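J.: So that we are looking at the same thing, I have put the structure below in structure tokens.
None of the figures in this text is laboratory data; all of them are computed from the coordinates on show. Quantities reported herein were computed from a predicted structural model and do not represent experimental measurements. Every residue, glycine among them, receives a Cβ derived from its backbone with ideal geometry; neighbour counts consider all protein chains shown.
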Amino acid sequence: MDAQQDGVQPYRQAAAEVLAGLGTDPQRGLSEAEAQRRLARHGRNELAGEKPVPAWRKLLAQFQDMLVILLLAAALVSATLWLIERDAALPYEAMAILAVVLLNAAMGYFQRARAEQAVAALRQMSAAQARVARDGAQRSIPAAELVPGDLILVEEGDTIPADARIVHSAALRTAEAALTGESLPVPKQAEALAVEAGPGDRANMLFSGTAAAYGHGRAVVTATGMRTEMGRIAGMLKSAPEERTPLQRELDRVGRMLGTIVIAIAVVMVGTILLVEDVRGARAIFDVLILGVALAVAAVPEGLPAVVTAVLSVGVQRMARRKAIVRHLAAVETLGSADVIASDKTGTLTRNEMTVRRVVTASGSVEVEGAGYAPVGGVRGVEGGAVEGGLRTELLRTLSAAERANNAVLQEAEDGRWTVQGDPTEGALIVTARKAGLDSGALEARFPRIGEVPFSSERKLMSTLHRDARRQGRLTAFTKGAPDVLLERCTHELVGEEAQPLSAERRASILCANEALAGQALRTLGVAFRSLPQDGTARELLGEELEQGLVFLGLIGMIDPPREEAKLAVARARGAGIRPIMITGDHPGTAAAIARELGIAHDAGVVTGTELQAMPDDALSRTVRQVSVYARVNPEHKLRIVRTLQRHGATMAMTGDGVNDAPALKAADIGVAMGITGTDVSKEAADIVLADDNFATIVAAVEEGRAIFANIRKFLRYLLSSNIGEVATMFFGVVLADRIGLASTAGGAVALPLLATQILWINLVTDGAPALALGMDPADAGAMSRPPRPRGEGVVTPRMWAGIVFVGAIMAAGTLLVLDASLPGGMIAGSGDLPYAQTMAFTTLTLFQLFNVLNARSDEESAFRGLFVNPWLWAAILFSLMLHVAVVHLPFLQQAFSTVPLSLSDWLVCVAAASSVLWLRELSKLMSRARLVALTR
């Protein structure tokens, strides 16, 4: 059996046709035997899960990075040579490299342990039990055993267990915000729809994972498991590719580049020496191989993977303090480079709490202050005056009636947060009554309820019947509903204390006021009452005849208001070169009004999901460049918008809180989910979760992301320039060995300016703590006044490379000059032996890198600007210096690293030479700033 016949969807068929097509008895439901046959054919009503990835495969994935592979290869070669040479007590090089690799792998493994669980979260949203009619009897069965054709019974508070076509609705309304983005519970009906409609407009369908907010009904199951709307989204989520962030791609590129450099340098150097030099015997050949290893160690920044992870972790902690929880480390910097934020409306830009804005009665209009469910604020005239006289009387009577014709409950939680149990619209009416000074307890005492005519989508009205304790048992009926429908039932209007006949002019005036409120995207309700003479008529009047001869009280306009801080956040985002757009499942008029109020769009241009569906790709490409508000969209539309913008070069940050947002959250460069109102699905699909559901937090996270990326550039500038200095020192030290007196002291062996263990020590000591401390620099005050980084711009720009090479050349030249001055012969005559000269070069190069930390903080600004804003940096410099002093002067470390003690004068020489990198770089920055000023004149 199939609910879809001749290509017609169930929502476009009459309920009887759907029941017949599914072979379901409208009273008895399916038989148990037939249900079991269908369960075997269709499978269980569950979302398909993915096979879990074994832990060992997750751990192994941490060793697939190019840099990590290079480090493992270097460790293997180093260990092999140590086994042959036995020139140290332990293989220090191999041990140190492996320690760094394992540390990085462990950090990456634990950060990604909870990677993709969105489908699992979707499964958890399924209803545990379902009430069905089988063999003519009502039964409660596991929701997983539902089959197409089952007749389910739904009541207020139930979670819908499967997609179903409504057969009967008794004022049934369902909360579908998590699936469609609709902010209010949706009235449900049994009548077929005449036209094609998206999920948000299928008023005769129930959807798996949503909830019944009001009323009750019966429906026949049309889809289960992966064939439901929820399952369709789960399938989209599984098929969405895992996007790699620009930082990940750039580090891969840098890794490949460094790998090429390592191989080229090693091959050229080793090949040249073997061809040009008179290399004979196994010992000499091994010396050449040691040189190759030393060059490889110098070229590869061993600390880069670990420092990237550590700096991102520090940034994550800083973002957490600003209420942005990061789930994927490598995604942090992408948020800082985002140039488009595609935001959901309900609960993200708005409070997801209906709020009354305006009350219109016969004597005028009243504005209601405050927002959300907290009963804080008051009422005032439209022009700011006091509400008094007849206007106040009408206001209080209107709000009293709205508060009584109501089934919601307003509650204050222990944390001081106000919530509504029941319909959000009804909750907003209670809050407004409280703001106007009405007390719920006093109203309950005066007007105890004795009956109700529930809301129905056919009548579009709800009425309650009450005994008036102050009027000798007389009855009062309060009615609220669609203003145009209600007005037809009214014969009089309250003016001050008196009910006066409704003239044609007043009816037209009331309808005009209703249209004006709707034009402001306010959802409107009409409120009326009727006095009844005696208690004995109550039972007879509890029908539609109760809603006749009513006295019209007033109009109430309400909206899910924007967050107070969202407008400022939108303006700040625009100032930072970021384009905010709204993508929502809500009504176009509401979306346009909120967008105008927030400054997202200044015109009324809104594109709906239906228009998107019919729009070809070339038209959509033009549309996304101009339109910033999209309404009534479904998940496929969101994905299409995101991917179209990405094809135009946008770096997308997509925010959302519902199940329907999950595929787009995953497809975007950065998915940002709401932590309070967000579903588990959206949180698991996202890269960042906002702990306070505040759009302003997104902008704060952007600022933090930019600061983190700037810090990543700082330590990359530092690491790469330092390592280039090491490579150049080794390369030119061997090439110029005769000129600097190195060859004459090597005793016929291949002369090395530094040993491989010394190079590795420099990398571990200076690339570790100082580089990490650079990652803790505070955000630049002008971070949000600059446009986002272009999508195609690398982490290391050509200008950065120029500075890196310049600094590396200074380091190499200074180190080799100190080496030359420490050896007899050469260009600068000295008197030391080879171990002494290597120790001097070792110390000078280490100090060069410690001075270079200060240079690396900016390519433009002086190192002395904000010199002491980062105490961690000075602590790291001091720590690295103390470690190097220990290597030079502690006997057991001298043995491990082949060093000799230095005198005070030796240290002063090394400091003087190493400080040159700071002064020369300051001079180059000064010249660069002068050229920039000249160009801007």
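J.: At R0 = 56 Å, how high is the FRET efficiency between residue 257 and residue 564 if r is their beta carbon distance? Nearest 0.05 is fine.
T.: Details: r = 49 Å, r/R0 = 0.87.
Calculated value: 0.70.
J.: Tell me, 652, 840, 776 in order of fewest to most beta-carbon neighbours within 10 Å?
T.: Listing 652, 840, 776 from fewest to most nearby Cβ atoms yields 776, 652, 840.
J.: Now a separate question. Using R₀ = 60 Å, calculate the FRET efficiency as 1/(1 + (r/R₀)^6) where r is the Cβ-Cβ separation of residue 692 and residue 28; round to 0.05. Please report the intermediate quantities before stating the final value.
T.: Numbers: r = 51 Å, r/R0 = 0.85.
Approximately 0.70, to the nearest 0.05.
J.: Between residue 890 and residue 869, what FRET efficiency comes out of the Förster formula 1/(1 + (r/R0)^6) with R0 = 30 Å and r the beta carbon distance, rounded to 0.05?
T.: Efficiency, from the Cβ-Cβ distance: 0.35.
J.: Can you grab the distance from the C-alpha centre of segment 425-501 to the C-alpha centre of segment 386-402, Å, no decimals?
T.: 13 Å
J.: In nm², what is the average projected area of the convex hull enclosing the Cα atoms of segment 321-455?
T.: The number I arrive at for segment 321-455 is 13.0 nm².
J.: Decide, for segment 784-937, between rounded, prolate and oblate: order the square roots of the alpha carbon gyration tensor eigenvalues as a ≥ b ≥ c, take rounded if a/c falls under 1.5, and otherwise choose prolate if a/b is larger than b/c, else oblate.
T.: Judged from the Cα gyration tensor, segment 784-937 comes out prolate (a/c at least 1.5, a/b above b/c).
J.: Gain in length, residue 786 to residue 95, computed as 0.36 nm per residue apart minus the alpha-carbon separation, to one decimal in nm?
T.: 244.3 nm
J.: A follow-up question, please. What net charge is computed for the residues neighbouring residue 380, neighbours being all others with C-beta under 10 Å from the C-beta of residue 380, Lys and Arg scored +1, Asp and Glu -1?
T.: Summing Lys/Arg as +1 and Asp/Glu as -1 gives -3.
J.: So how far, in whole Å, is the C-alpha centre of segment 893-937 from the one of segment 711-738?
T.: About 13 Å separates the Cα centre of segment 893-937 from the one of segment 711-738.
J.: Here's a follow-up. Using only the Cα atoms, work out Rg/Rh for segment 355-558, with Rh taken as the Kirkwood radius, to two decimals. Can you show the working numbers first?
T.: Numbers: Rg = 16.1 Å, Rh = 17.0 Å.
Taking Rg over the Kirkwood Rh, I get 0.94.
J.: So if I place +1 on the C-beta of Lys and Arg and -1 on the C-beta of Asp and Glu, and nothing else carries charge, what would the dipole magnitude of segment 355-558 be about its Cα centre? I want it in debye, nearest 20.
T.: In total the dipole reaches around 200 debye.
J.: Same structure, new question: Residue by residue through segment 447-453, which ³J(HN,Hα) values in whole Hz follow from phi under the Karplus form 6.51 cos²θ - 1.76 cosθ + 1.60 (θ = phi - 60°), with glycine and proline marked x?
T.: Karplus-based 3J(HN,Hα) across segment 447-453 equals 10, x, 7, 10, x, 8, 10 Hz.
J.: What nm value, rounded to one decimal, do you get for the distance between residue 472 and residue 419 when each label is placed 7 Å out toward the C-beta?
T.: Each label point is offset 7 Å from its Cα along the Cβ direction, giving 4.7 nm.
J.: Once you list every other residue whose beta carbon is under 14 Å from the beta carbon of residue 872, what net charge do they have if Lys and Arg are +1 and Asp and Glu are -1?
T.: Surrounding charge for residue 872 is +2.
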